[in-house]
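To keep things clear, I will list the structure first and then write my remarks on it.
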Amino acid sequence: MHESRRVLKQVFGFDDFRPGQAQAIEALMAGRSMLAVMPTGAGKSLCYQVPALVLGGLTVVVSPLVALMQDQVAALRLAGVSADSINSSFDRDANVAAWRRVTSGETRLLYLAPERLMTERMLDALGKCDVRLIAVDEAHCISQWGPAFRPEYEGLARLRDLFPRVPIIALTATADEATRTDIKARLFGGGVESLVLGFDRPNIKFTVAARSDGRAQLLDFVRRHPGASGIVYCLSRKKTDETASFLESHGIRALPYHAGMGKEARDVNQNRFMTEAGIIMVATIAFGMGIDKPDVAFVFHTDLPASLEAYYQEIGRAGRDGRAAEAHMLFGAADLRMRRMFIDQEEAAPEHKRRAHARLNTLIGFCETAQCRRQILLNYFGETAQPCGNCDNCLDVVPMADGAAEARLVFAAIAQSGSRFGTSHIVEILRGAKTQKLIERGHDGLESFGSGAAQKKEAWQSLIRQLAAGGFLSADDHGGLFIAEKGHSLARGEIAFTYRAVAPVPRSKMRGDAVLAEAGDPDLLSALKTLRMQLARERKVPAYVIFSDRSLIDMAEKRPRDLDDFAQVHGVGAAKLKDFGTVFLAAIKAA
């Protein structure tokens, strides 16, 4: 690890590893494969970039998006690392030149999309190269049970057989236990060393509100974040265009991004968002994977995302600089129906659809819960937490009701029907519905049949979703509900269950919007950001690739006087010291 630490400091300019990085690097250096699940912003890329430079030879990085590959390559080259990408956005001459650098041994890291990597021609060519490490980014895309399955990732399962002596690291920020198990089985054939760091992003404030007037709610929210960069997610392309136009009409700098736009228009808008301050990107989920803009102050969902995994990944684009950020979501009956329709119309196996509906139910439970939202989210990923004090339910008084008696009725209906039916069937039992399905199974004769007839169907559905979100109920692979251990404790009276008995209402006043003050001279920091923007435009790269905000803040605090001092700034490696040291020192001296 001594050589790894030397590379970390001299190339990347960091004094120490972040949590989990050293463990992952040590495993790869020893030739062991690894599944690394690390929260957004935890520094996953260094887990393979550092070993790539220490091991020598060629490291192949599988990445799903051209824009992500290009940003990574640009950042590595600025750090003095020979990196290349071969992709469809380059002409043939550029790709041929890149491949020549690979075969000559010059290139240390080669970024490829999965569909290009898994062609027989590319695999045969790489088989003749000195491949020492393979990294699979966004590895959750390989799981059919995950919310972001990509068919082109399936072929990656062959890598372990094609390169049997090459360690493979799979990296993701978004994988529950079922998805992690699926990644292990598909990519590694079963057992593999795993690193699962905490999923918590404590600087992000979670807020959820029922939709009343969506546009007015969005405008009110955005105006509370003046001059901030943010992302607004919409369910459809049409709504994306209309929302961007609406914000622009109210004097807010907003740009649309969706798959229906031409590639050139998308690239222009993405580049503006990445390099200019104070722009809001209004987008469908076509935007976001691999976006590494540190100063995104908020993510606003105008509609329900597809699942809690999708929600977690999308809000993870906020607050990567460690400063206070907010994730706000609107939800209503209309987008719930739309999400159900999307699942039902999908060309997928019934089992996959049942799991998708179960995931959606868990997300709705997250929206409806009166408990700490961070507790619910972390519980979903297998972690426990105390009330966070940084979500709307912790900050505001929420109407609560004791739900222990109702929960026992739900448990009875589940147990008596065999613990293998979904929410709809359990609600029909509770409501005493004389459906053909219930009669055929004899469930109209259960003791619990009709025990909840006094409550409406929607009330029972909400209660069950909140029980599932709170960890009292679980679902099997087919969507069948069963009582979790926490539920048994509730049934025995050992713990309590309170729930939101009415739909949440929009809040006119939100608290906890304080933003962490930037250290150092604000005028100097502004000058450094202006210089960074100028250099980024000259090189046609995102501003953060030149230096992160944290690096600029460190400069403003330390005010280095010479190159030796500048070398001690966070994120300044040997290449950046050579390329940017003099010009930034001049700016600091002039301020």
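Based on the Kirkwood radius over alpha-carbon pairs, what is the Stokes-Einstein translational diffusion coefficient of the stretch 2-196 at 37 °C with 0.692 mPa s viscosity, in µm²/s?
196
So I have (i) 25.1; (ii) 26.5; (iii) 25.8, and one of them is Kirkwood radius over Cα pairs in Å calculated from this model. Which one is it?
(iii)
When DSSP beta bridges are limited to those with both residues in the chain, what percentage is antiparallel, rounded to the nearest 5?
In the chain, DSSP labels about 10 percent of beta bridges as antiparallel.
For the chain, with only Lys/Arg (+1) and Asp/Glu (-1) charged at the beta-carbon, what is the dipole magnitude about the Cα centre, in debye rounded to 20?
Roughly 300 debye for the chain.
On each of the three principal axes of the Cα atoms of the stretch 414-478, give max minus min coordinate, whole Å, ordered largest first.
30, 27, 17
For helix 350-368, what angle does its Cα long axis make with the longest principal axis of the chain, in degrees from 0 to 90 and rounded to 10?
90
With +1 assigned to the C-beta of every Lys and Arg and -1 to the C-beta of every Asp and Glu, and no other charges, what is the dipole magnitude of the stretch 241-358 about the Cα centre in debye, to the nearest 20?
Rounded to the nearest 20 debye, it is 200 debye.
Take a quick pass over the stretch 522-590 and tell me how many lysine pairs come in under 17 angstrom between Cα atoms, counting only ones 8 or more apart or on separate chains.
6
Once the dipole of the stretch 180-316 is set up with Lys and Arg at +1 and Asp and Glu at -1 on Cβ about the Cα centre, which of F246, F287, A210 lies farthest towards its positive end?
A210
Explain nothing, just compute: Karplus ³J(HN,Hα) = 6.51 cos²θ - 1.76 cosθ + 1.60, θ = phi - 60°, for every residue of the stretch 72-78 in order, whole Hz, x for Gly and Pro.
5, 5, 4, 5, 5, 5, 5
Counting other beta carbons within 10 Å of each residue's own, what order do W460, W99 fall into, fewest first?
So the residues, fewest neighbours to most, are W99, W460.
Sum up the charges of everything whose Cβ sits under 13 Å from the Cβ of R150, counting Lys and Arg as +1 and Asp and Glu as -1, but leave R150 out.
-4
Putting +1 on Lys and Arg Cβ atoms and -1 on Asp and Glu Cβ atoms, find which of G230, H425, G260 reaches farthest to the positive end of the dipole of the chain.
Farthest towards the positive pole: G260.
Viscosity 1.002 mPa s, temperature 20 °C: what is the translational diffusion coefficient of the stretch 204-394 from Stokes-Einstein with a Kirkwood Rh over Cα pairs, rounded to a whole number of µm²/s?
This corresponds to a translational diffusion coefficient of 125 µm²/s.
Quick one: angle between helix 522-539 and the longest Cα principal axis of the chain, in degrees between 0 and 90, rounded to 10, please.
Roughly 80 degrees, rounded to the nearest 10.
Taking the beta-carbon count within 10 Å as an exposure proxy, list Y233, Y499 from fewest neighbours to most.
Y499, Y233
Loop only by DSSP, 12 or fewer other Cβ within 10 Å of the Cβ. Give me the trypsin sites (Lys or Arg not before Pro) in the stretch 52-145 that pass, ordered by residue number.
For trypsin sites (Lys or Arg not before Pro) across the stretch 52-145 that sit outside H, G, I, E and B with at most 12 neighbouring Cβ atoms in 10 Å, the list reads K128.
Using alpha-carbon positions, what is the distance between the centroids of the stretch 550-581 and the stretch 94-129, in Å?
35
Lys/Arg Cβ at +1, Asp/Glu Cβ at -1, dipole of the chain taken about the Cα centre: which of L531, V545, L35 is farthest positive-ward?
The listed residue farthest towards the positive side: L531.
For a protection proxy built on the mean count of beta-carbon atoms within 10 angstrom, sort 377-384, 31-38 highest first, please.
31-38, 377-384
Which whole-number percent is the relative contact order of the chain (Cα, under 8 Å, 6+ apart)?
It rounds to 15 percent for the chain.
What is the sum of charges, Lys and Arg at +1 and Asp and Glu at -1, for the other residues whose Cβ falls under 11 Å from the Cβ of N203?
For residues surrounding N203, the net value is +1.
Where does the charge balance sit around G80 when Lys and Arg score +1, Asp and Glu -1, over other residues with C-beta under 11 Å from its C-beta?
Neighbourhood net charge equals +3.
Could you please rank C388, C234, placing first whichever residue has the fewest other Cβ atoms within 10 Å of its Cβ?
C388, C234
What GluC sites (Glu not before Pro) does the stretch 410-506 have in DSSP loop regions with at most 15 other beta carbons within 10 Å?
E447, E494
Give the angle, between 0 and 90 degrees and rounded to the nearest 10, that separates the Cα long axis of helix 263-275 from the longest principal axis of the Cα atoms of the chain.
Rounded to the nearest ten degrees, it is 80.
Scan the stretch 40-144 for GluC sites (Glu not before Pro) in coil per DSSP, keeping those whose Cβ has at most 14 other Cβ atoms within 10 Å, and list them by number.
Within the stretch 40-144, the qualifying GluC sites (Glu not before Pro) (loop, at most 14 other Cβ atoms within 10 Å) are E106.
Of the listed peptides 321-328, 263-270, what is their order by residue-averaged count of other C-beta atoms within 10 Å, with the highest listed first?
321-328, 263-270
The numbers here are math on the coordinates, done by the rules we state, and not lab data. The shown structure was predicted, so the numbers you read here are calculated from the model rather than taken from an experiment. Cβ coordinates were reconstructed from backbone atoms using ideal geometry, including for glycine residues, and neighbour counts include every protein chain displayed.
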